[in-house]
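Right, one structure below, let's go through it.
The values are calculated or read from the model by the stated rules, or taken from the named source; none is laboratory data. In this text the structure is predicted, and so the values were computed from the model without any measurement. Note that we place each Cβ from the backbone using ideal geometry, even for glycine, and neighbour counts take in every protein chain shown.
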Amino acid sequence: MITADLWIVISFITFIVLAFIPTKRLFAKMINEKINKIQKDITESLKIREEAEKALAELVEENKLTDKKCAEILDLTKKRIESLKSAASRKLAELEQKRAEIIEQSLIYQNQIETAQLREYVITTVFAAVEKELLKTNKPISVTNEKFNFKETLGRLVS
C-alpha cells in the first residue's frame, strides 16, 4: 500500500512536474526574448560596423584627395615663388642696369659741368692775363684794324 511518505514523494514529484512545465515555458520565453534581443543587437551592431567602415573608407578617400590637393597647392605655390623670384631678379637686374646708367650719365654730366667750369676759369684767366699783358705794353688793340695773335700773347705769358 501507499504510505504517507510515498504520497509525499508522489505529491512532490507532481508538484515539481506541474511547476516545471509553466516555468519551463516562462524560462524558454525569456531565453527566446534574450536570444532575439541579442540577435537584434548583433544585426544592429553589424549595420553600424558597415556604416562605420563605409564612413572610414570615405574619410580615407577624402584624406587622400585632400593630401593630393595640398600637394598640388604646394607645388603651385613653389612654382609661383620661383616665378616671383625670377621676376624679382630680372627687375633687380633692370634696376641695377638703370642705376648704373644713371650714375654714368650723372658722372658724364658732372664731368661736363666741371669741364665747362674749367674752360670758363681758363678763359677768364687767359683774358685777364692778356689784358694785363696789353696794359703792360700800353698798346691799344683795335679788333677791326689788327689781328690779335693769341699764340704769341700766350707764349709771352707762359715764358
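State yes or no: is residue 107 at pLDDT below 90, out of contact with any Cys (no Cβ under 9 Å at 6 or more places or on another chain), part of a helix (DSSP H, G or I) and surrounded by 10 or more Cβ atoms within 10 Å (Cβ to Cβ)?
no
Kindly indicate whether residue 57 is hydrophobic (A, V, I, L, M, F, W, C), surrounded by 10 or more Cβ atoms within 10 Å (Cβ to Cβ), under 37 Å from the mean Cα position of the chain (by Cα) and assigned to a helix (DSSP H, G or I). The answer is yes for residue 57.
Among the candidates 31, 42, 35, which residue alone is modelled with pLDDT of 90 or more, under 57 Å from the mean Cα position of the chain (by Cα) and in a helix (DSSP H, G or I)? 42 is the lone residue from the list that is modelled with pLDDT of 90 or more, under 57 Å from the mean Cα position of the chain (by Cα) and in a helix (DSSP H, G or I).
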